[in-house]
1. Consider the candidate values (1) 74, 47, 34; (2) 46, 39, 31; (3) 81, 36, 27; state which one is Cα extents along the principal axes in Å computed from the structure displayed.
2. Of Gln136, Met190, Asn80, which is farthest towards the positive pole of the range 80-234's charge dipole, taken about the Cα centre with +1 and -1 on the beta-carbons of Lys, Arg and Asp, Glu respectively?
3. Give me the one-decimal nm value for the distance between modelled label points at Ala174 and Ser223, 7 Å along each residue's Cα-to-Cβ direction.
4. Past 24 Å, Cα to Cα: identify those pairs from Lys104/Lys234; Lys96/Lys221; Lys116/Lys210; Lys110/Lys173; Lys24/Lys234, in the order given.
5. Quick one: order Leu142, Leu112 from most to least accessible surface, probe 1.4 Å.
6. Just want the answer: with Cβ charges of +1 for Lys and Arg and -1 for Asp and Glu, which residue in Thr213, Ile123, Asn155 is farthest toward the dipole's positive end in the chain?
7. When Rg is the radius of gyration of the Cα atoms in the range 115-234 and Rh is its Kirkwood radius, what does Rg/Rh come to?
8. Return the long-range amide H neighbours of Gln129 (sequence gap of 5 or more, or a different chain), with a cut-off of under 5 Å between placed amide H atoms.
Amino acid sequence: MKISHFLLFFSLLVVSATTSAQTKLSPEQEVFFNKLITGINPRHVNWVRTTAAEVKAKNLTEVDIKRQAERYAAPGITDNQDIEALVGMVMILTAKDQEEDLKKMLNELKTLNEQKAKQRELISKMQQQKAMTAIQLDSFKLLSSRTIALQQGRNPDSIKLVRTSSRVKAVSKAEMDAMVVKLKGDLDSMSEMGEMVSLRLQLIMDRRSKVLTTLSNTMKKISKTADEIIQNLK
């Protein structure tokens, strides 16, 4: 099995196994976040969103977030549990963002796998063809154009085939061979792309696991109710 196939299979297997387990926020964490995000001062909400974006961009640790929260809170917020609540909100929002990233990347892998399957099928058909018209060749070129669109982050289905009725002449063996080489090159490029997406997917899953573990520990430090925290962070 090629490494790209293994990575794609492994990533999908891991995500499938973890989505229903540690990669999900608990109902209590969801309720806590939703209540606070709509109840505390908008200034604090803005800080939470800004800091969560920074966590994602810079991969900040719990210690980094706590320091930023303490700097932000002083001197207006003195209760340590209120500060922990802000840290918890940042981590919950970070986890939510990571979940969306995982969904997007899984969709990207799905599209990539579908495109690769079409590519292999057409390569096989083309290698079996003994003769071909220019119009038939257009269909093969369409797939190549869709592969390029996929690599550029565009929707491959947006690329449409434009047929020219006058192109009914026979295609030479050299042209057919060149197209097979082109399609195989595109397939190799998609395999490399799949490896990169799979590695990125694994990185996000690792970070998400750490975020949720840390979040669980942070929430254990908070004995106040959400209503009490809201009153302090009005």
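1. Among (1) 74, 47, 34; (2) 46, 39, 31; (3) 81, 36, 27, the one calculated here is (3).
2. My answer, from the dipole projection, is Gln136.
3. 8.5 nm
4. As for pairs spanning more than 24 Å Cα to Cα, those are Lys104/Lys234; Lys116/Lys210; Lys110/Lys173; Lys24/Lys234.
5. Numbers: Leu142 30, Leu112 0 Å².
From most exposed to least exposed: Leu142, Leu112.
6. Final value for the positive-end residue is Ile123.
7. That ratio equals 1.39.
8. Answer set, sorted by chain and number: none.
The values are calculated or read from the model by the stated rules, or taken from the named source; none is laboratory data. As the structure is a prediction and not an experimental result, all values here were calculated from the model. Backbone-built Cβ (ideal geometry, glycine too); neighbour counts: all protein chains shown. All accessible areas refer to the heavy atoms of the entire protein, side chains included, with ligands and DNA or RNA removed. Shrake-Rupley method; radii C 1.70, N 1.55, O 1.52, S 1.80 Å.
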